[in-house]
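Input: a single structure, listed below in structure tokens.
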Amino acid sequence: MALVKPDLQVDIGNLHLQNPVMTASGTFGYGEEFASIVDLSRLGAIVVKGISVVPRVGNSPPRVAETACGMLNAIGLENVGVERFVSEKLPYLRNVNVPVVVNILGDTTEEYQDLASQLNDIPEVAAIEVNISCPNVKKGGVAFGTDPEMAQTVTRTVRENCSKPIIVKLSPNVTDITVIAKAVEDAGADAVSLINTILGMAINTGRRRPVLANVVGGLSGPAIKPIALRMVWQAANAVNIPIVGIGGICSAQDAVEFLLAGASAIQVGTANFINPRVTEEVIDGIREYLIGQKMESVQECIGALKV
């Protein structure tokens, strides 16, 4: 008798995905850049590059550096701004037929409010991912995501101005990730995604100068996977909303580890730079794992870690 094909469908709040594999913001452009390499229609969702109210040019180069088992980036959230995104980037995505999740960022709560209001009226936007790793300029540059009260304020502001599913992307640069996760859950988040990059730096010993012009940058890639996995497991045991796991996922095995730890979906980031077709390989690999485990649905895998 032929084995039944496993069901890969998952829901992130009211966001329905055909499979749990999403792209990570900042690593997949606006989607169209990968269209000649990846069958975009196979993805669970496309999370586009972070969008701000006005265009940003980002930091001065050099702003990317390879590290052991990963990379540092200090791109500085370069993007075309919300108006150009809607007029120039979104039209292509209308025909892809997978959910488009827009990552938003701001330096004040007012900017998050503006973005949420504008994107709420656009039917092609399936959900909002809120980047709270940005510095609050009115609070001396403290990142929204490192302070529970500020994280809650931003989340509540977006919630009040947007009826779409809201995923809040958490910063790992905190003492206890569960405190922030609970704060945004209480403020109305439909889900949390974690983790964002970890602050790091590299030094050119010959020049005795930092490798990055910005001195510090965000560390991503396989090096952060154990930290991300631990934080996903902690968050999954602390909140009642879905978790989207991010951090060093380069293979189906990596993805399955996050699912077992409690993530309902995952995002592939840095691995896209190494292997542009990795997302499709992860989808196929998750299906093969479920078949091997005689599981009829990916739901049987989510949170199935035996501790």
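The values are calculated or read from the model by the stated rules, or taken from the named source; none is laboratory data. Just so it is clear, the structure is predicted and the values come from calculations on it, not from any experiment. In this analysis, Cβ positions are derived from the backbone assuming ideal geometry, glycine residues included, and neighbour counts consider all displayed protein chains.
Keeping to region 62-92, report how many residues are outside any loop (DSSP other than H, G, I, E, B), within 30 Å of residue 212 (Cα to Cα), more than 20 Å from the chain's Cα centre (by Cα) and of a type in the set (Gly, Ala, Ser).
The qualifying residues number 1.
Do you know which residues across region 192-244 are in a loop (DSSP other than H, G, I, E, B), among the small types (Gly, Ala, Ser) and touching a Pro at 6+ places or on another chain (Cβ under 9 Å)? First the steps, then the outcome.
Initially, region 192-244 is screened for residues in a loop (DSSP other than H, G, I, E, B), giving 195-197, 202, 205-208, 211-215, 221, 237-242.
Still in the list and also among the small types (Gly, Ala, Ser): 202, 206, 213, 221, 238.
Passing the criteria: 202, 213.
Is it the case, given these coordinates, that residue 55 is at pLDDT 95 or above and within 21 Å of residue 241 (Cβ to Cβ)? Outline the logic, then answer.
Numbers: at pLDDT 95 or above: yes; within 21 Å of residue 241 (Cβ to Cβ): no.
In short, no.
Please verify whether residue 121 is within 28 Å of residue 88 (Cα to Cα) and surrounded by fewer than 20 Cβ atoms within 10 Å (Cβ to Cβ), treating the condition exactly as stated. Steps first, answer last, please.
Working: within 28 Å of residue 88 (Cα to Cα): yes; surrounded by fewer than 20 Cβ atoms within 10 Å (Cβ to Cβ): yes.
Spelling it out, residue 121 is indeed within 28 Å of residue 88 (Cα to Cα) and surrounded by fewer than 20 Cβ atoms within 10 Å (Cβ to Cβ).
Does any residue of region 86-103 turn out to be small (Gly, Ala, Ser), loosely packed, with under 15 Cβ neighbours inside 10 Å and free of Cβ contacts under 8 Å to residues at least 40 places away in the same chain?
From region 86-103, those small (Gly, Ala, Ser) are 87; that's our starting set.
Then keep just the ones that are loosely packed, with under 15 Cβ neighbours inside 10 Å; that gives 87.
Right, trim to free of Cβ contacts under 8 Å to residues at least 40 places away in the same chain and you get 87.
The answer is yes; a qualifying residue exists.
Take residue 240 and tell me if it is in contact (Cβ under 8 Å) with a residue 40 or more places away in the chain, of a type outside the set (Val, Ile, Thr) and loosely packed, with under 15 Cβ neighbours inside 10 Å.
Numbers: in contact (Cβ under 8 Å) with a residue 40 or more places away in the chain: yes; of a type outside the set (Val, Ile, Thr): yes; loosely packed, with under 15 Cβ neighbours inside 10 Å: yes.
So residue 240 passes the test.
Identify the residue in region 222-233 that is surrounded by 24 or more Cβ atoms within 10 Å (Cβ to Cβ) and in contact (Cβ under 8 Å) with a residue 40 or more places away in the chain and, among all such residues, is farthest from residue 60 (Cα to Cα). Write out each step before concluding.
First pass over region 222-233, keeping only residues surrounded by 24 or more Cβ atoms within 10 Å (Cβ to Cβ): 224, 228, 231-232.
The next check asks that each one be in contact (Cβ under 8 Å) with a residue 40 or more places away in the chain; those that pass are 224, 228, 231.
Numbers: 224: 25, 228: 28, 231: 32 Å.
Among those residues, the one meeting the criterion is 231.
Looking at region 156-190 only, could you name the residues that are in a loop (DSSP other than H, G, I, E, B) and over 19 Å from residue 127 (Cα atoms)? Spell out the reasoning first.
Step one: list which residues in region 156-190 are in a loop (DSSP other than H, G, I, E, B), which gives 162-165, 170-176, 187-190.
Correct list: 171, 172, 173, 174, 175, 176.
Could you list all residues from region 1-29 that are surrounded by fewer than 20 Cβ atoms within 10 Å (Cβ to Cβ) and within 20 Å of residue 102 (Cα to Cα)? Outline the logic, then answer.
First, pick out the residues of region 1-29 that are surrounded by fewer than 20 Cβ atoms within 10 Å (Cβ to Cβ): 1-5, 7-9, 11, 13-14, 16, 18, 27, 29.
If the condition is that a residue be surrounded by fewer than 20 Cβ atoms within 10 Å (Cβ to Cβ) and within 20 Å of residue 102 (Cα to Cα), then 11, 13, 14, 16, 18, 27, 29 are the ones that fit.
Looking at region 269-299, which of its residues are on the phi < 0 side of the Ramachandran plot, basic (Lys, Arg) and not in a helix (DSSP H, G or I)? Can you show your working first?
Step one: of region 269-299, the residues on the phi < 0 side of the Ramachandran plot are 269-293, 295-299.
The next check asks that each one be basic (Lys, Arg); those that pass are 277, 287.
Within region 269-299, 277 is the sole residue that qualifies.
Run down 302, 266 and say which single residue is outside any helix (DSSP H, G or I), farther than 30 Å from residue 200 by Cβ and at pLDDT 95 or above. Talk me through it step by step, then tell me what you get.
Values: 266 fails: farther than 30 Å from residue 200 by Cβ.
Checking each option against the conditions leaves just 302.
Residue-by-condition table, conditions (1) closer than 30 Å to residue 62 by Cα; (2) crowded, with 21+ Cβ neighbours inside 10 Å; (3) not β-branched (Val, Ile, Thr):
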{"position": "138", "(1), (2), (3)": "yes, no, yes"}
{"position": "145", "(1), (2), (3)": "yes, yes, yes"}
{"position": "158", "(1), (2), (3)": "no, yes, no"}
{"position": "177", "(1), (2), (3)": "no, yes, no"}
{"position": "180", "(1), (2), (3)": "no, yes, no"}
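Of the conditions (1) surrounded by fewer than 21 Cβ atoms within 10 Å (Cβ to Cβ); (2) at pLDDT 95 or above, residue 130 fails just one. Which one is it?
Unmet condition: (1).
Do we find a residue being crowded, with 21+ Cβ neighbours inside 10 Å, at pLDDT 95 or above, in contact with an Asp or Glu (Cβ under 7 Å, 6 or more places away or on another chain) and not basic (Lys, Arg) anywhere in region 30-40? Step through it out loud before you land on a result.
Narrowing region 30-40 to residues crowded, with 21+ Cβ neighbours inside 10 Å: 31, 40.
Filter once more, keeping what is at pLDDT 95 or above: 31, 40.
Still in the list and also in contact with an Asp or Glu (Cβ under 7 Å, 6 or more places away or on another chain): none.
No, region 30-40 contains no residue that is crowded, with 21+ Cβ neighbours inside 10 Å, at pLDDT 95 or above, in contact with an Asp or Glu (Cβ under 7 Å, 6 or more places away or on another chain) and not basic (Lys, Arg).
Could you tell me which of the residues 95, 103, 59 is more than 19 Å from the chain's Cα centre (by Cα), within 28 Å of residue 13 (Cβ to Cβ) and either part of a loop (DSSP other than H, G, I, E, B) or not hydroxyl-bearing (Ser, Thr, Tyr) (or both)?
Values: 103 fails: more than 19 Å from the chain's Cα centre (by Cα); 59 fails: within 28 Å of residue 13 (Cβ to Cβ).
Unique residue meeting the criteria: 95.
How many residues does region 185-237 contain that are among the aliphatic types (A, V, I, L, M) and within 19 Å of residue 11 (Cα to Cα)? Talk me through it step by step, then tell me what you get.
Within region 185-237, the first condition is being among the aliphatic types (A, V, I, L, M), and the residues that meet it are 187, 189, 191-192, 194-195, 198-199, 201-203, 211-213, 215-216, 219, 223-224, 227-229, 231-232, 235-236.
Checking which are within 19 Å of residue 11 (Cα to Cα) leaves us with 189, 191-192, 194, 232, 235-236.
Total meeting the criteria: 7.
Is there any pair with a first residue in region 186-203 that is within 16 Å of residue 226 (Cα to Cα) and surrounded by fewer than 21 Cβ atoms within 10 Å (Cβ to Cβ) and a second that is at pLDDT below 95 and β-branched (Val, Ile, Thr) whose Cβ atoms are under 6 Å apart and which are 6 or more apart or on different chains, and what are they?
199/216
Given the criteria without any contact (Cβ under 8 Å) to a residue 60 or more places away in the chain and within 30 Å of residue 118 (Cβ to Cβ), does residue 175 qualify? So that I can check it myself, show each step before the final result.
On the way: without any contact (Cβ under 8 Å) to a residue 60 or more places away in the chain: yes; within 30 Å of residue 118 (Cβ to Cβ): no.
No; evaluated as a whole, the condition is false for this residue.
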